[in-house]
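Structure record follows, encoded as structure tokens.
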Amino acid sequence: MVFITHDPIDYTALRQQVQRPGAGAILIFEGTTRDNFEEKSVSELRYEAYEAMAVSEMEALRNRIQADHPETRVAMAHRLGVVGVCETSVVTVVSAPHRDEAYVVSRRVIDDLKQLIPIWKKEIYEDGSAWKANAGQ
């Protein structure tokens with residue numbers, strides 16, 4: 001399961017998609033809006049995407065990762081529109097037989113999602129705004 005939404009993300013459905021009897025570990029990552037960036041006060045983030053393309057790329061990413069790690073299952077969602085401070089922008093959920101693989105795959109999912117998926121982020125500051133590359137930490 002992968003999706004893009006303008007509504008708050010409820011990770012429950014994502015978790016249900018990856019849960020299975022052989023999974024001894026399930027990791028949920030939530031990326032949230034923090035109130036600062038490089039000493040600037042952030043009031044909100046705004047995300048935009050060509051939704052059909054972004055979902056297609058998210059599905060391809062999930063399929064590649066699951067092909068590389070056949071015992072894992074991956075689900076992810078990204079929010080578009082205005083995302084306020086402390087609100088969730090992105091959720092990834094990974095299940096694996098063991099925690100070590102779950103941590104490795106979880107890190108790969110969020111890193112690749114931020115680098116490869118065509119979703120654009122604008123940070124809104126108290127004194128202006130800036131478009132940011134959706135990559136890095």
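The values are calculated or read from the model by the stated rules, or taken from the named source; none is laboratory data. Since we're looking at a predicted model, the values are computed, not measured. Backbone-built Cβ (ideal geometry, glycine too); neighbour counts: all protein chains shown. Please note that ligands, DNA and RNA were not included when accessible areas were found on the heavy atoms of the full protein model with its side chains. Shrake-Rupley method; radii C 1.70, N 1.55, O 1.52, S 1.80 Å.
Annotations for the structure displayed:
- Portion, in percent, of the accessible area of the chain that falls on carbon or sulfur, probe 1.4 Å: 46
- The phi-based Karplus calculation (6.51 cos²θ - 1.76 cosθ + 1.60; θ = phi - 60°) puts the 3J(HN,Hα) values of segment 77-94 at 9, 10, 9, 10, x, 7, 10, x, 4, 6, 8, 8, 9, 8, 9, 10, 10, 10 Hz, whole numbers, x for Gly and Pro.
- The charge dipole of segment 44-114, taken about its Cα centre with unit charges on the Cβ atoms of Lys, Arg (+1), Asp and Glu (-1) only, comes to about 100 debye.
- Tilt relative to the chain, helix 51-68 - C-alpha long axis, 0 to 90 degrees, to 10: 40
- In sequence order, calculated HN-Hα J values of segment 6-13 (Karplus, 6.51, -1.76, 1.60; Hz; x Gly/Pro): 9, 9, x, 8, 9, 6, 4, 5
- Normalised Debye scattering of the chain at q = 0.09, 0.22 Å⁻¹ gives log10 I(q)/I(0) of -0.27, -1.30, counting only Cα atoms as equal scatterers and leaving out solvent.
- Per-residue ³J(HN,Hα) for segment 29-45, Karplus 6.51 cos²θ - 1.76 cosθ + 1.60, θ = phi - 60°, Hz, x for Gly and Pro: 10, 10, x, 10, 7, 8, 8, 8, 7, 6, 6, 9, 7, 9, 9, 5, 10
- Where segment 4-137 is the region considered: accessible area per residue in Å², 1.4 Å probe: 55
- Computed about its Cα centre, the charge dipole of segment 1-136 is approximately 400 debye, with only Lys, Arg, Asp and Glu carrying charge at their Cβ.
- Summarising the amide proton neighbourhood of S43: residues at separation of 5 or more, or on other chains, whose placed amide H is nearer than 5 Å comprise I124, Y125, E126.
- Size descriptors for segment 54-104: radius of gyration and Dmax over Cα atoms are 13.0, 36 Å.
- The tail of the calculated P(r) for segment 2-45 beyond 17 Å holds 52 percent of all Cα-Cα pairs.
- Crossing angle, helix 99-116 versus the chain [Cα axis fit, 0-90 degrees, rounded to tens]: 40
- In segment 27-137, a dipole from Cβ-located charges (positive for Lys and Arg, negative for Asp and Glu) runs towards its positive end, and of A49, T72, G128 it is T72 whose Cα lies farthest in that direction.
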